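A.B. asks: What follows is a structure written as C-alpha coordinates; I'll ask about it next.
The values are calculated or read from the model by the stated rules, or taken from the named source; none is laboratory data. Everything quoted here is computed from the prediction, not taken from an experiment. A quick note on method: Cβ atoms are made from the backbone with ideal geometry, for glycine too, and the neighbour counts reach across all protein chains shown. Keep in mind that these areas ignore ligands, DNA and RNA; they rest on the heavy atoms of the full protein, side chains included. Shrake-Rupley method; radii C 1.70, N 1.55, O 1.52, S 1.80 Å.
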Amino acid sequence: MNLLLSYHLVQDQRPTLTITPELKQSIHILSLSGYELMQYLQEQAMENPVLEIEAGYDGYRYGKKRGTSTSSIKYAQDPLWNVKPAQDSMEIRLQNQLRLLSLPADVYRAAAFLAGNLNDDGYLEAELSDLRGVLKFSEDLLGTALHQLQSLEPAGIACRDLRECLLLQIVRDPEPVPYAEEIVDGYLPLLANGSFDQIALALRINKEQVRSASLYIRSLNPRPGLSMNIPEPHYIVPDAVVRCIGDDFTVALHPSAHPRLSVNKEYREWIKIRQTAEASSFLSSCFKSAHWIERCIEMRKLTLVRVITAMMEEQREFLARGVKGLRPMNLFNISSMLGMHESTVSRAIHDKFVLTPHGVFPLKFFFAASLSTADGSGASSRSVKLRIKELVDAENKSKPYSDQKIVELLFAEGIQLSRRTVTKYREELKILSSTYRRRRL
(Lines give C-alpha, C1' and ligand atoms only; values in the text may rest on other atoms or scores of the structure.)
Protein backbone atom coordinates (compact mmCIF):
# COMPACT_ATOMS: atom_id res chain seq x y z
CA MET A 1 0.00 0.00 0.00
CA ASN A 2 1.30 3.42 -0.90
CA LEU A 3 0.95 6.17 1.63
CA LEU A 4 0.38 9.63 0.26
CA LEU A 5 2.20 12.26 2.26
CA SER A 6 1.26 15.90 1.87
CA TYR A 7 1.20 19.18 3.77
CA HIS A 8 -2.05 20.73 4.98
CA LEU A 9 -2.90 23.98 6.77
CA VAL A 10 -4.89 23.25 9.91
CA GLN A 11 -6.21 25.67 12.53
CA ASP A 12 -5.76 24.43 16.07
CA GLN A 13 -6.62 26.34 19.26
CA ARG A 14 -4.61 25.41 22.33
CA PRO A 15 -4.29 27.35 25.61
CA THR A 16 -0.65 27.95 26.48
CA LEU A 17 1.05 29.82 29.27
CA THR A 18 3.76 32.17 28.09
CA ILE A 19 5.97 34.20 30.40
CA THR A 20 6.90 37.43 28.71
CA PRO A 21 10.26 39.13 29.35
CA GLU A 22 8.42 41.88 31.23
CA LEU A 23 6.79 39.35 33.55
CA LYS A 24 10.13 37.65 34.14
CA GLN A 25 11.61 41.01 35.06
CA SER A 26 8.76 41.71 37.48
CA ILE A 27 9.21 38.33 39.19
CA HIS A 28 12.96 38.88 39.39
CA ILE A 29 12.58 42.34 40.97
CA LEU A 30 10.15 40.98 43.58
CA SER A 31 12.60 38.30 44.71
CA LEU A 32 15.58 40.66 45.08
CA SER A 33 16.75 41.89 48.47
CA GLY A 34 17.07 45.62 49.10
CA TYR A 35 20.80 45.66 48.36
CA GLU A 36 20.44 43.47 45.28
CA LEU A 37 17.63 45.71 44.05
CA MET A 38 19.88 48.77 44.28
CA GLN A 39 22.60 46.98 42.33
CA TYR A 40 20.12 45.89 39.67
CA LEU A 41 18.59 49.35 39.28
CA GLN A 42 22.00 50.98 39.07
CA GLU A 43 22.87 48.66 36.19
CA GLN A 44 19.59 49.49 34.49
CA ALA A 45 20.16 53.22 35.01
CA MET A 46 23.61 53.03 33.41
CA GLU A 47 22.10 51.32 30.35
CA ASN A 48 18.93 53.40 30.15
CA PRO A 49 19.62 57.16 29.79
CA VAL A 50 16.08 58.23 30.72
CA LEU A 51 15.93 56.32 34.03
CA GLU A 52 16.82 58.20 37.22
CA ILE A 53 17.11 56.61 40.65
CA GLU A 54 17.13 58.21 44.06
CA ALA A 55 17.76 55.82 46.93
CA GLY A 56 16.16 57.31 50.01
CA TYR A 57 18.41 59.26 52.32
CA ASP A 58 21.54 57.72 50.82
CA GLY A 59 21.14 60.36 48.15
CA TYR A 60 22.43 58.50 45.11
CA ARG A 61 21.02 59.94 41.90
CA TYR A 62 21.73 58.61 38.46
CA GLY A 63 20.76 60.17 35.16
CA LYS A 64 22.09 61.91 32.07
CA LYS A 65 21.50 65.55 31.36
CA ARG A 66 20.97 66.89 27.90
CA GLY A 67 24.21 67.70 26.20
CA THR A 68 26.36 65.44 28.40
CA SER A 69 27.81 62.05 27.55
CA THR A 70 28.41 60.68 31.04
CA SER A 71 26.07 59.99 33.92
CA SER A 72 25.68 62.76 36.44
CA ILE A 73 25.96 61.10 39.83
CA LYS A 74 25.44 63.06 43.04
CA TYR A 75 26.58 61.53 46.29
CA ALA A 76 25.35 62.21 49.80
CA GLN A 77 26.73 60.79 53.02
CA ASP A 78 26.11 57.07 53.30
CA PRO A 79 25.92 55.71 56.89
CA LEU A 80 27.74 52.55 55.78
CA TRP A 81 30.79 54.68 54.96
CA ASN A 82 31.40 54.81 58.72
CA VAL A 83 31.88 51.05 58.91
CA LYS A 84 35.23 50.01 60.38
CA PRO A 85 37.76 48.46 57.99
CA ALA A 86 38.32 44.72 58.02
CA GLN A 87 40.65 43.38 60.74
CA ASP A 88 43.77 41.33 60.05
CA SER A 89 43.11 37.61 59.80
CA MET A 90 44.64 35.00 62.10
CA GLU A 91 47.11 34.01 59.37
CA ILE A 92 48.41 37.57 58.97
CA ARG A 93 48.74 38.05 62.73
CA LEU A 94 50.72 34.84 63.09
CA GLN A 95 52.96 35.78 60.18
CA ASN A 96 53.66 39.14 61.84
CA GLN A 97 54.81 37.31 64.97
CA LEU A 98 56.95 34.93 62.92
CA ARG A 99 58.86 37.85 61.39
CA LEU A 100 60.01 38.88 64.86
CA LEU A 101 61.70 35.50 65.49
CA SER A 102 64.47 35.90 62.87
CA LEU A 103 63.96 32.38 61.57
CA PRO A 104 65.86 30.81 58.67
CA ALA A 105 64.12 31.38 55.35
CA ASP A 106 63.02 27.76 54.89
CA VAL A 107 61.70 27.48 58.46
CA TYR A 108 59.81 30.77 58.11
CA ARG A 109 58.33 29.66 54.79
CA ALA A 110 57.16 26.35 56.26
CA ALA A 111 55.76 28.00 59.41
CA ALA A 112 53.89 30.62 57.34
CA PHE A 113 52.45 27.83 55.21
CA LEU A 114 51.27 25.97 58.31
CA ALA A 115 49.71 29.17 59.66
CA GLY A 116 47.63 29.38 56.51
CA ASN A 117 46.35 25.83 57.04
CA LEU A 118 44.90 26.36 60.51
CA ASN A 119 41.13 26.19 60.89
CA ASP A 120 39.07 28.88 62.60
CA ASP A 121 39.67 27.27 66.01
CA GLY A 122 43.45 27.43 65.52
CA TYR A 123 43.91 23.69 64.95
CA LEU A 124 46.16 22.11 62.32
CA GLU A 125 43.95 19.39 60.85
CA ALA A 126 46.35 18.27 58.09
CA GLU A 127 49.05 15.69 58.78
CA LEU A 128 52.67 16.79 58.44
CA SER A 129 53.31 13.81 56.18
CA ASP A 130 50.64 15.07 53.77
CA LEU A 131 52.01 18.62 53.81
CA ARG A 132 55.53 17.40 53.17
CA GLY A 133 54.59 16.43 49.63
CA VAL A 134 53.24 19.92 48.95
CA LEU A 135 56.28 21.91 50.11
CA LYS A 136 58.99 19.35 49.29
CA PHE A 137 60.37 19.87 52.80
CA SER A 138 61.59 17.19 55.18
CA GLU A 139 59.38 16.14 58.05
CA ASP A 140 62.01 17.32 60.52
CA LEU A 141 61.90 20.81 59.03
CA LEU A 142 58.11 20.85 59.23
CA GLY A 143 58.33 19.70 62.85
CA THR A 144 60.69 22.60 63.63
CA ALA A 145 58.37 25.03 61.88
CA LEU A 146 55.38 23.68 63.81
CA HIS A 147 57.28 24.06 67.09
CA GLN A 148 58.01 27.70 66.28
CA LEU A 149 54.40 28.28 65.33
CA GLN A 150 53.17 26.74 68.58
CA SER A 151 55.41 29.12 70.54
CA LEU A 152 53.39 32.12 69.34
CA GLU A 153 50.46 33.82 71.01
CA PRO A 154 47.87 32.80 71.99
CA ALA A 155 49.01 29.70 73.85
CA GLY A 156 47.67 26.52 72.28
CA ILE A 157 47.71 27.80 68.70
CA ALA A 158 48.61 25.34 65.91
CA CYS A 159 47.70 22.30 68.02
CA ARG A 160 46.56 19.10 66.37
CA ASP A 161 44.00 17.92 68.91
CA LEU A 162 42.38 19.01 72.17
CA ARG A 163 44.94 17.19 74.28
CA GLU A 164 47.87 19.00 72.64
CA CYS A 165 45.99 22.31 72.85
CA LEU A 166 45.55 22.03 76.62
CA LEU A 167 49.09 20.75 77.18
CA LEU A 168 50.59 23.71 75.30
CA GLN A 169 48.72 26.08 77.59
CA ILE A 170 49.63 24.22 80.79
CA VAL A 171 53.34 24.06 79.88
CA ARG A 172 53.47 27.83 79.33
CA ASP A 173 51.64 28.59 82.58
CA PRO A 174 54.19 29.57 85.28
CA GLU A 175 51.93 28.30 88.07
CA PRO A 176 49.79 25.39 86.83
CA VAL A 177 47.61 23.43 89.21
CA PRO A 178 49.28 20.19 90.34
CA TYR A 179 48.44 17.07 88.33
CA ALA A 180 46.64 19.04 85.63
CA GLU A 181 49.28 18.10 83.02
CA GLU A 182 49.17 14.43 83.98
CA ILE A 183 45.36 14.32 83.80
CA VAL A 184 45.24 15.98 80.37
CA ASP A 185 48.04 13.80 79.05
CA GLY A 186 46.59 10.45 80.02
CA TYR A 187 43.09 10.73 81.46
CA LEU A 188 41.20 13.30 79.40
CA PRO A 189 38.34 10.91 78.38
CA LEU A 190 37.81 9.99 82.04
CA LEU A 191 37.76 13.66 82.97
CA ALA A 192 35.14 14.37 80.30
CA ASN A 193 32.93 11.62 81.77
CA GLY A 194 33.42 12.95 85.30
CA SER A 195 35.15 9.78 86.51
CA PHE A 196 37.08 11.52 89.27
CA ASP A 197 37.40 8.38 91.39
CA GLN A 198 39.16 6.44 88.63
CA ILE A 199 41.57 9.32 87.97
CA ALA A 200 42.36 9.66 91.67
CA LEU A 201 43.00 5.93 91.95
CA ALA A 202 45.24 5.86 88.87
CA LEU A 203 47.37 8.86 89.98
CA ARG A 204 47.23 7.93 93.66
CA ILE A 205 45.89 11.29 94.71
CA ASN A 206 42.73 12.32 96.54
CA LYS A 207 39.49 13.30 94.83
CA GLU A 208 39.79 16.92 95.95
CA GLN A 209 43.04 17.30 93.99
CA VAL A 210 41.34 15.88 90.89
CA ARG A 211 38.46 18.33 91.33
CA SER A 212 40.89 21.27 91.68
CA ALA A 213 42.77 20.21 88.53
CA SER A 214 39.45 19.79 86.70
CA LEU A 215 38.40 23.36 87.48
CA TYR A 216 41.77 24.61 86.24
CA ILE A 217 41.55 22.59 83.02
CA ARG A 218 38.05 23.91 82.37
CA SER A 219 39.44 27.46 82.59
CA LEU A 220 41.78 26.81 79.64
CA ASN A 221 40.81 27.83 76.11
CA PRO A 222 39.95 24.84 73.88
CA ARG A 223 39.68 27.10 70.81
CA PRO A 224 42.61 29.54 70.86
CA GLY A 225 42.09 30.61 67.26
CA LEU A 226 38.73 32.23 68.00
CA SER A 227 40.45 35.07 69.87
CA MET A 228 42.32 35.97 66.66
CA ASN A 229 39.47 35.41 64.23
CA ILE A 230 37.31 38.46 64.75
CA PRO A 231 34.03 37.75 62.97
CA GLU A 232 33.10 40.28 60.34
CA PRO A 233 29.91 42.09 61.33
CA HIS A 234 27.03 41.80 58.92
CA TYR A 235 25.23 45.08 58.33
CA ILE A 236 21.59 44.77 57.40
CA VAL A 237 19.30 47.47 56.07
CA PRO A 238 15.76 46.29 56.85
CA ASP A 239 13.24 46.30 54.04
CA ALA A 240 10.40 47.35 56.32
CA VAL A 241 9.83 48.83 59.77
CA VAL A 242 7.02 47.70 62.07
CA ARG A 243 6.00 50.10 64.83
CA CYS A 244 3.52 49.38 67.61
CA ILE A 245 1.02 52.12 68.43
CA GLY A 246 -1.06 51.01 71.39
CA ASP A 247 -2.74 47.75 70.48
CA ASP A 248 -2.25 48.35 66.77
CA PHE A 249 0.80 48.44 64.50
CA THR A 250 1.96 50.12 61.32
CA VAL A 251 4.16 48.81 58.49
CA ALA A 252 6.35 51.21 56.54
CA LEU A 253 8.95 50.42 53.91
CA HIS A 254 12.46 51.53 54.72
CA PRO A 255 13.41 54.33 52.30
CA SER A 256 16.99 53.14 51.89
CA ALA A 257 15.92 49.72 50.63
CA HIS A 258 13.24 51.02 48.25
CA PRO A 259 14.55 53.64 45.82
CA ARG A 260 12.38 56.22 44.13
CA LEU A 261 12.41 56.21 40.35
CA SER A 262 11.72 58.94 37.83
CA VAL A 263 11.89 59.36 34.07
CA ASN A 264 13.91 62.18 32.58
CA LYS A 265 11.43 63.89 30.27
CA GLU A 266 14.04 66.22 28.77
CA TYR A 267 14.79 63.54 26.22
CA ARG A 268 11.30 63.95 24.73
CA GLU A 269 12.20 67.58 23.95
CA TRP A 270 15.52 66.40 22.56
CA ILE A 271 13.68 64.05 20.15
CA LYS A 272 11.56 66.91 18.88
CA ILE A 273 14.69 68.93 18.16
CA ARG A 274 16.69 66.14 16.50
CA GLN A 275 13.80 64.36 14.79
CA THR A 276 15.79 61.31 13.72
CA ALA A 277 14.07 57.96 13.29
CA GLU A 278 16.90 55.97 14.87
CA ALA A 279 17.12 58.17 17.99
CA SER A 280 13.34 58.28 18.29
CA SER A 281 13.08 54.48 18.15
CA PHE A 282 15.87 54.02 20.69
CA LEU A 283 14.46 56.53 23.17
CA SER A 284 10.94 55.15 22.78
CA SER A 285 12.18 51.74 23.85
CA CYS A 286 14.07 53.38 26.75
CA PHE A 287 10.92 55.18 27.92
CA LYS A 288 8.91 51.97 27.68
CA SER A 289 11.50 50.06 29.69
CA ALA A 290 11.78 52.81 32.33
CA HIS A 291 8.01 53.02 32.79
CA TRP A 292 7.79 49.25 33.16
CA ILE A 293 10.55 49.23 35.79
CA GLU A 294 8.70 52.01 37.63
CA ARG A 295 5.58 49.89 37.62
CA CYS A 296 7.48 46.80 38.81
CA ILE A 297 8.94 48.73 41.73
CA GLU A 298 5.52 50.04 42.75
CA MET A 299 4.05 46.54 42.49
CA ARG A 300 6.93 45.23 44.60
CA LYS A 301 6.30 47.85 47.29
CA LEU A 302 2.59 47.09 47.37
CA THR A 303 3.18 43.34 47.57
CA LEU A 304 5.73 43.67 50.37
CA VAL A 305 3.46 45.90 52.45
CA ARG A 306 0.52 43.53 52.02
CA VAL A 307 2.57 40.42 52.86
CA ILE A 308 4.31 41.93 55.91
CA THR A 309 1.04 43.40 57.20
CA ALA A 310 -0.63 40.00 56.92
CA MET A 311 2.32 38.35 58.67
CA MET A 312 2.26 40.80 61.57
CA GLU A 313 -1.51 40.42 61.83
CA GLU A 314 -0.92 36.70 62.39
CA GLN A 315 1.95 37.39 64.78
CA ARG A 316 0.40 39.99 67.07
CA GLU A 317 1.54 37.95 70.07
CA PHE A 318 5.11 38.27 68.83
CA LEU A 319 4.80 42.06 68.73
CA ALA A 320 3.58 42.01 72.32
CA ARG A 321 5.78 39.29 73.88
CA GLY A 322 8.68 38.70 71.53
CA VAL A 323 9.83 35.25 70.35
CA LYS A 324 7.83 33.59 73.13
CA GLY A 325 4.66 34.75 71.41
CA LEU A 326 5.46 33.34 67.97
CA ARG A 327 2.60 31.40 66.43
CA PRO A 328 2.96 28.60 63.89
CA MET A 329 2.56 29.96 60.38
CA ASN A 330 3.20 28.79 56.83
CA LEU A 331 3.04 30.22 53.33
CA PHE A 332 -0.44 28.84 52.75
CA ASN A 333 -1.84 30.90 55.66
CA ILE A 334 -0.57 34.18 54.19
CA SER A 335 -1.38 33.33 50.57
CA SER A 336 -4.96 32.45 51.55
CA MET A 337 -5.41 35.72 53.42
CA LEU A 338 -4.15 37.80 50.50
CA GLY A 339 -5.47 35.75 47.59
CA MET A 340 -1.94 35.26 46.25
CA HIS A 341 -0.08 32.20 45.10
CA GLU A 342 2.34 30.67 47.59
CA SER A 343 5.22 31.21 45.18
CA THR A 344 4.51 34.95 45.16
CA VAL A 345 4.64 35.07 48.96
CA SER A 346 7.84 33.01 48.91
CA ARG A 347 9.50 35.46 46.50
CA ALA A 348 8.29 38.42 48.55
CA ILE A 349 9.92 37.19 51.77
CA HIS A 350 13.10 35.88 50.13
CA ASP A 351 16.23 37.40 51.69
CA LYS A 352 14.33 40.33 53.22
CA PHE A 353 14.40 41.69 56.76
CA VAL A 354 12.02 43.61 58.98
CA LEU A 355 12.77 45.87 61.94
CA THR A 356 10.40 45.14 64.84
CA PRO A 357 10.23 46.38 68.45
CA HIS A 358 12.17 43.21 69.36
CA GLY A 359 14.97 43.58 66.81
CA VAL A 360 15.72 42.86 63.17
CA PHE A 361 14.50 39.51 61.85
CA PRO A 362 14.47 37.85 58.42
CA LEU A 363 10.92 37.45 57.16
CA LYS A 364 11.44 33.69 56.94
CA PHE A 365 11.96 33.67 60.72
CA PHE A 366 8.23 34.07 61.28
CA PHE A 367 7.38 30.91 59.35
CA ALA A 368 7.72 27.94 61.68
CA ALA A 369 6.19 24.51 61.97
CA SER A 370 3.22 23.89 64.25
CA LEU A 371 3.61 21.62 67.27
CA SER A 372 0.63 20.08 69.02
CA THR A 373 -0.49 21.42 72.40
CA ALA A 374 -2.99 20.30 75.00
CA ASP A 375 -5.53 22.96 74.09
CA GLY A 376 -5.17 22.29 70.35
CA SER A 377 -4.01 25.83 69.52
CA GLY A 378 -0.55 24.78 68.36
CA ALA A 379 2.86 26.19 69.25
CA SER A 380 5.63 27.52 67.07
CA SER A 381 8.76 25.39 66.88
CA ARG A 382 10.89 28.50 67.44
CA SER A 383 9.10 29.39 70.68
CA VAL A 384 9.50 25.77 71.84
CA LYS A 385 13.23 25.90 71.13
CA LEU A 386 13.47 29.09 73.16
CA ARG A 387 11.64 27.39 76.03
CA ILE A 388 14.04 24.41 75.90
CA LYS A 389 16.99 26.80 76.11
CA GLU A 390 15.40 28.57 79.09
CA LEU A 391 14.88 25.25 80.89
CA VAL A 392 18.50 24.23 80.33
CA ASP A 393 19.83 27.61 81.44
CA ALA A 394 17.81 27.45 84.67
CA GLU A 395 18.55 23.82 85.54
CA ASN A 396 20.65 22.61 88.46
CA LYS A 397 24.04 22.02 86.86
CA SER A 398 24.82 19.19 89.25
CA LYS A 399 21.60 17.44 88.16
CA PRO A 400 20.88 18.60 84.59
CA TYR A 401 17.65 17.68 82.87
CA SER A 402 17.67 14.69 80.59
CA ASP A 403 15.80 14.86 77.29
CA GLN A 404 13.00 12.78 78.82
CA LYS A 405 12.75 15.17 81.75
CA ILE A 406 12.48 18.12 79.34
CA VAL A 407 9.67 16.25 77.55
CA GLU A 408 7.83 15.92 80.86
CA LEU A 409 8.34 19.60 81.77
CA LEU A 410 7.06 20.73 78.37
CA PHE A 411 4.10 18.36 78.64
CA ALA A 412 3.21 19.96 81.99
CA GLU A 413 3.08 23.29 80.13
CA GLY A 414 0.76 21.84 77.50
CA ILE A 415 3.38 21.23 74.77
CA GLN A 416 3.40 17.67 73.45
CA LEU A 417 6.76 16.55 72.05
CA SER A 418 8.52 13.25 71.66
CA ARG A 419 11.94 12.69 73.20
CA ARG A 420 13.44 12.39 69.71
CA THR A 421 12.12 15.86 68.80
CA VAL A 422 13.57 17.36 72.00
CA THR A 423 16.94 15.77 71.19
CA LYS A 424 16.78 17.20 67.68
CA TYR A 425 15.97 20.71 68.93
CA ARG A 426 18.66 20.51 71.62
CA GLU A 427 21.29 19.59 69.05
CA GLU A 428 20.13 22.41 66.75
CA LEU A 429 20.62 24.78 69.70
CA LYS A 430 24.12 23.28 70.17
CA ILE A 431 23.34 22.20 73.73
CA LEU A 432 25.25 19.19 75.05
CA SER A 433 23.50 16.16 76.49
CA SER A 434 22.88 15.97 80.23
CA THR A 435 25.92 13.69 80.65
CA TYR A 436 28.29 16.39 79.46
CA ARG A 437 26.37 19.26 81.08
CA ARG A 438 26.67 17.75 84.54
CA ARG A 439 28.98 19.77 86.79
CA ARG A 440 30.88 17.65 89.30
CA LEU A 441 30.96 19.13 92.80
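A.B. asks: Can you give the FRET efficiency for Arg260 and Asp106, using 1/(1 + (r/R0)^6), R0 = 51 Å, r = Cβ-Cβ distance, to the nearest 0.05?
C.D. replies: 0.25
A.B. asks: Now for a different question. Say each of Glu125 and Phe113 gets a label point 7 Å from the Cα, pointing the same way as Cα to Cβ; how far apart are those two points in nm?
C.D. replies: 2.0
A.B. asks: Could I ask something else about it? Along the principal axes of its C-alpha atoms, what lengths does the chain span, in descending order and rounded to whole Å?
C.D. replies: That gives 100, 81, 70 Å along the principal axes, largest extent first.
A.B. asks: List the extent of the Cα atoms of region 379-429 along each of their three principal axes, largest first, rounded to whole Å.
C.D. replies: Computed over region 379-429, the largest-to-smallest principal extents equal 30, 21, 17 Å.
A.B. asks: While we're here: Mind checking the angle between helix 21-31 and the chain's longest principal axis? C-alpha axes, 0 to 90 degrees, to the nearest 10.
C.D. replies: 30
A.B. asks: Now a separate question. Over the chain, what relative contact order in percent results from Cα pairs under 8 Å that are six or more residues apart?
C.D. replies: With pairs under 8 Å counted, the relative contact order is 15 percent.
A.B. asks: If you roll a 1.4 angstrom probe over the protein chains with everything in place, what fraction of the accessible area of the chain belongs to carbon and sulfur, to the nearest %?
C.D. replies: Accessible surface attributable to carbon and sulfur in the chain totals 53 percent.
A.B. asks: For the chain, which longest stretch is free of loop sites, where a loop site is one of the chymotrypsin sites (Phe, Trp or Tyr not before Pro) that DSSP puts outside H, G, I, E and B and that has at most 10 other Cβ atoms within 10 Å?
C.D. replies: The reported range is 236-441.
A.B. asks: Label Ile27 and Ser195 with points 7 Å out from Cα along Cα→Cβ: what is the distance between them in nm?
C.D. replies: 6.1
A.B. asks: May I ask you to derive the FRET efficiency for Arg243 and Arg420 from their Cβ-Cβ distance with R0 = 45 Å, giving the value to the nearest 0.05?
C.D. replies: Calculated value: 0.65.
A.B. asks: Work out, step by step, the length gained on full extension between Phe411 and His234: first 0.36 nm times the residue separation, then minus their alpha carbon distance; give nm to one decimal.
C.D. replies: Result: 59.9 nm gained on full extension.
A.B. asks: On a 0 to 90 degree scale, rounded to 10, what angle separates helix 207-218 from the longest Cα axis of the chain?
C.D. replies: With both axes taken from Cα atoms, the answer is about 30 degrees.
A.B. asks: Ok, one more. With labels modelled as points extended 7 Å from the Cα through the Cβ direction, what inter-label distance (nm, one decimal) is found for His358 paired with His147?
C.D. replies: Distance between the two pseudo-spin positions: 5.7 nm.
A.B. asks: Here is a follow-up. If I fit a long axis through the Cα atoms of helix 105-115 and take the longest principal axis of the Cα atoms of the chain, what angle between them do I get, 0 to 90°, rounded to 10?
C.D. replies: Roughly 70 degrees between the two axes.
A.B. asks: Next question, about the same structure. Provide the FRET efficiency to the nearest 0.05 for the Ser285-Leu338 pair, computing r from the beta carbons and using R0 = 51 Å.
C.D. replies: The formula returns an efficiency of 0.90 here.
A.B. asks: To continue, here is another question. Just from its helices, what would the mean residue ellipticity at 222 nm be for the chain, if runs of 4 or more DSSP H residues each count -39500 (n - 2.57) and the sum is divided by every residue, rounded to the nearest 500 deg cm²/dmol?
C.D. replies: Value at 222 nm, helices only, nearest 500: -14500 deg cm²/dmol.
A.B. asks: Using every alpha carbon pair in region 90-228, what percent of pairs falls into each 5 Å bin from 0 up to the bin containing the largest distance?
C.D. replies: Result, from short to long distances: 2, 10, 19, 18, 16, 12, 10, 7, 5, 1, 0 percent.
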